[in-house]
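Here is the structure we will look at.
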Amino acid sequence: MSTRIFDLSGKTALVTGSSRGLGRAMAEGMARAGARILVNGTNAAKVDEAVAEMRAAGLQAEPAVFDVTDEAAIIATFNRLDAAGIAVDILVNNAGIQFRKPMVELETVDWQRVIDTNLTSAFVIGREAARRMIARGGGKIVNIGSLMSALGRATVAPYTVSKGGIKMLTQAMAAEWAASGIQANAIGPGYMLTDMNQALIDNPVFDAWVKGRTPSKRWGRPDELVGTAIFLASSASDYINGQIIYVDGGMLAVL
Ligand code: GCO
C-alpha cells in the first residue's frame, strides 16, 4: 500500500482559526502533505503574516479572513470562493475560545460567546461547505473537539458543552452527509502546549496534575495533531465516519 493514501496534493483545506496555535500547526502539516490552505482568522494582519510565513516555507497558502461567528461573512467567503472557482475539499473546524469561570458567576453573554464561537460556527461553516461538497460528490470535515467532548471539568462549562456538542455534531454530520461522500470526523486534543492553556501551564499545581494524570506524563505539542489531521483529511479515512480520535497521551484511557 502506497503512502499516497495520505497525500493531500490538489486539495484545498479551509482551517478555521489557523493563524496560530493548534490550527496553525495542523494547517502547516496538511500543507506539507500537499494541500492548499485557506488560512482563517479575524485579524487580517496575523492571517497575512501566517500566509507569508507558510509561502516562504514553500507551502500553498491563501488568506480567508472572517469571524466564525459572523454568518454573513461566512456566506460571503464561500460565495467569493465559488466565484474564484476555489472548492473547499477539506474543512477543519478548529476555531475556539476558552472562558474559565464557575457557572454561578457566569454571565449568559459569556456562555453564548463560547457556544457561538466553538460550536455554532462549526454548524454554519459545515453547512456551507457541505452544500458544495454534496454537489461535487464528497469531501472531508474534521471538527476539533477536546477531552471535554467526553469529560467535564469545573469552571469550563460553556467550553465543555461546546466540545460535547462538537462530538455529537460530528455524528449528526455523518448521519446526514455520509451517503453523499462526505466523511465527518473529529479530533479530541488532550492538554496541549498552546497560548489558550498558558495560565494552566504556568500554574505549578495544574501542570503537575496534567503530568500525573496523563499516562504519557507530559503536555502534548500542537504538531502532534498533524498526523491525525492528515489521516482524517485524506483518502486513508474514506470508510471512517462520525468518529472522534483523542490525541491526549492516553488521558481518557485511564483512571
Ligand atoms: C482547561 C483547558 C482544556 C484544554 C483542552 C483539553 O481549561 O481545562 O483549556 O479545555 O484546553 O480542551 O482537551
Peptide ranges 83-89, 172-178 listed from the most packed, as the mean C-beta count within 10 angstrom indicates = 172-178, 83-89
Find the relative contact order for the chain and round it to a whole percent, using C-alpha pairs within less than 8 Å whose residues are 6+ positions apart.
-> 20
Phi angles of region 227-235, converted by Karplus (6.51 cos²θ - 1.76 cosθ + 1.60, θ = phi - 60°) into ³J(HN,Hα) in whole Hz with x for Gly and Pro, give x, 5, 5, 4, 4, 6, 8, 10, 5
Give me the net charge of Ala87's neighbourhood, meaning all other residues with Cβ under 15 Å from the Cβ of Ala87; Lys, Arg count +1, Asp, Glu -1.
-> +3
Residue-wise, which Karplus ³J(HN,Hα) couplings in Hz belong to region 68-84, taking 6.51 cos²θ - 1.76 cosθ + 1.60, θ = phi - 60°, and x for glycine or proline?
-> 5, 9, 9, 4, 4, 5, 5, 4, 4, 5, 5, 5, 5, 5, 4, 5, 8
Determine the calculated [θ] at 222 nm for the chain from helices alone, applying -39500 (n - 2.57) to every DSSP H run no shorter than 4 residues and normalising by the residue count; nearest 500 deg cm²/dmol.
-> -12500 deg cm²/dmol
Cleavage-rule hits, trypsin sites (Lys or Arg not before Pro), region 133-228, DSSP coil, Cβ neighbours within 10 Å at most 16 | Arg153, Lys217, Arg218
Residues with amide H under 5 Å from that of Gly34, placed H, sequence gap 5 or more = Leu8
Magnitude of the Cβ-charge dipole of the chain, K/R +1 and D/E -1, about the Cα centre, nearest 20 debye?
-> 540
Hey, can you grab everything whose amide H is under 5 Å from the amide H of Val15? Only 5+ residues off in sequence or another chain; H modelled, so Pro and N-termini drop out.
-> Leu38, Asn40, Val92
So for the pair Ile134, Glu49, with labels modelled 7 Å out along Cα→Cβ, what separation do we get in nm?
-> 4.0
Applying 1/(1 + (r/R0)^6) with R0 = 30 Å to the Cβ-Cβ distance of Met168 and Asp195, what FRET efficiency is obtained, to the nearest 0.05?
-> 0.65
With respect to the cross-link table entries Lys140/Lys167; Lys11/Lys217; Lys101/Lys163; Lys11/Lys167, which display a Cα-Cα separation exceeding 27 Å?
-> Lys11/Lys217
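Coordinate-derived values only; no laboratory data. As the structure is a computational prediction, the values presented were derived from the model and not from experiment. Ideal geometry is used to build each Cβ from the backbone, glycine not excepted, and the neighbour counts take in all protein chains shown.
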